[in-house]
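Contents: one structure, followed by commentary.
A short reminder: the numbers here are calculations on the coordinates, not readings from a lab. Treat the numbers as computed from the prediction; the structure is a model and nothing was measured. All Cβ positions, even for glycine, are placed from backbone atoms using ideal geometry, and neighbour counts span all protein chains on display.
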Amino acid sequence: MKIKEIKVFVCNPGRNFVTVKIITDAGIHGIGDATLNGREMAVVSYLEEHVAPCLIGRNAHDIEDIWQYLYKGVYWRKGPVNMAAVAAIDMALWDIKGKAAGLPVYQLLGGKSRQAVTLYAHASGEDIKDTLDKTEELINQGFKAVRLQSAVPGLNVTYGVLGDKKDYYELQGNRPLPPEEAWSTQKYFNMIVDLFAQARERFGNDVHLLHDVHSRLTPIESARLGKLLEPYNLMFLEDASIAENQDSYKVIRQHTTTPLAIGETYNTIWDCKDLIQNQLIDYLRAAATHAGGITALRRMADFASIYNVKTAPHGAPDLSPVCFAAHMHLNIWAPNFGIQEFVGLGNEQLKQIFKHQIKVEQGMAYVSDAPGLGIEFDEEEASKYPYKRSYLPVSRLEDGTVWNW
Ligand code: CS2
Ligand code: MG
């Protein structure tokens, strides 16, 4: 079965998504997610100009060889643009192989290790009470795990908090230039421990609580936060410090037993190998779209399982439903699956473009048994929502120093 054509689509049903479609000479096609938030067109150009021409005529069944060809054959390996392109091709090829076999992708990985995928939802608020009220709503919907992010008093904007926006699409989708947001670690520390103390006071110990530090603390500040949060038994503290410096996690680990999660910005196993084998983290957040697709995440999950590190795939609003579908197959298979981030099944436009049968009930997601990834992309519907440049924010300390957003 030969690759006959590769098409790349960019649509903006509230925010930009990049979708790859591989069409074979057998009339079977597959789709993949190549969305790199704020740098979408770099991936589009990479795919159209440098990847697609090399793949036409190749056997669509040779997923591993194509992955190796695109990874080792490029010389300038790794990186978010390159690996998002590799990821999309890889997801589409797994989709094709599943359709050709008449099997959902999880069956090709090894079948189910569980019947459903546990999700964690996002609760954010303008203050602690608002955040906890949102948390209660999610618990009442059956979610067993909730990520808490609360506005930091004294800052005009805080990561993960919607402010006056109605949803993530409105928050993320209309930034023609990078907005600049102030950050104060001191103001953050004045609030953050109280948020979790009040959460445990109000909800008890059964619900899993999580938090995303979003790389904003220095290693010793992360150690301090982890230590202060120990009484509140978080499921994990995410991106406690910057992902580039794996040595940071030696410092953090020495001081706290709060479980640590990292990986959404990682593009290959090399980015997290030392963290995993030195037991410096507890959850790996790598995403199929950013880390090279299903082939790569399967490899990372297997490596992590040797060290009892669980997977907790990234599931932010900028990962398309195609990535979520790919994660559903990986999550239902992986023996060391931990939890899946979930920000909802999207707005109405998104549901019209990306059609799937994934069910979400009581905080659990149920994978589609349709052949392949179990998701289809409506080109005509997508064409109604053209690309619109939009950036991620830039963070600055209150003295104007650029910081980690
Ligand atoms: C965040 C993401 O969901 C998360 O864990 O870190 O929302 C992140 O901010 C975005 O994916 C950036 O594009
Ligand atoms: Mg994160």
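Here are some notes:
- All-pairs Cα distance distribution in segment 66-117, expressed in whole percent, bin size 5 Å: 5, 17, 21, 16, 17, 13, 9, 2, 0
- Residue-normalised convex hull volume from the C-alpha trace of the chain: 129 Å³ per residue.
- Remark: segment 236-303 carries a charge dipole of roughly 180 debye about the Cα centre, counting +1 on each Lys and Arg Cβ and -1 on each Asp and Glu Cβ.
- For segment 18-100, fraction of C-alpha pairs farther apart than 21 Å, in %: 21 percent
- Amide H contacts of E5 (H built 1.01 Å from N, under 5 Å, at least 5 apart or other chain): I23
- Electrostatic dipole magnitude of the chain [Cβ: Lys, Arg +1; Asp, Glu -1; Cα centre; debye, to 20]: 720 debye
- Among complete DSSP H helices in the chain, those whose alpha-carbon atoms stretch at least 30 Å along the helix's long axis and whose mean Kyte-Doolittle hydropathy reaches 0.5 are 80-101.
- 26 Å Cα-Cα threshold exceeded, pairs from K4/K72; K273/K351; K165/K384; K187/K388: K273/K351; K187/K388
- Antiparallel content of DSSP bridges confined to the chain, in %, to 5: 50 percent
- The mean sequence separation of alpha-carbon pairs under 8 Å and at least six residues apart, normalised by the residue count of segment 346-399, gives a relative contact order of 32 percent.
- For segment 180-235, average projected area of the Cα convex hull in nm²: 4.3 nm²
- Which of A316, M300, I220, positive extreme of dipole for the chain (C-beta unit charges): M300
- Length-normalised contact order for segment 109-370 - Cα pairs under 8 Å, 6+ apart - percent: 20 percent
- The chain, helix-only ellipticity at 222 nm - DSSP H runs n ≥ 4, -39,500 (n - 2.57), divided by all residues, nearest 500: -10500 deg cm²/dmol
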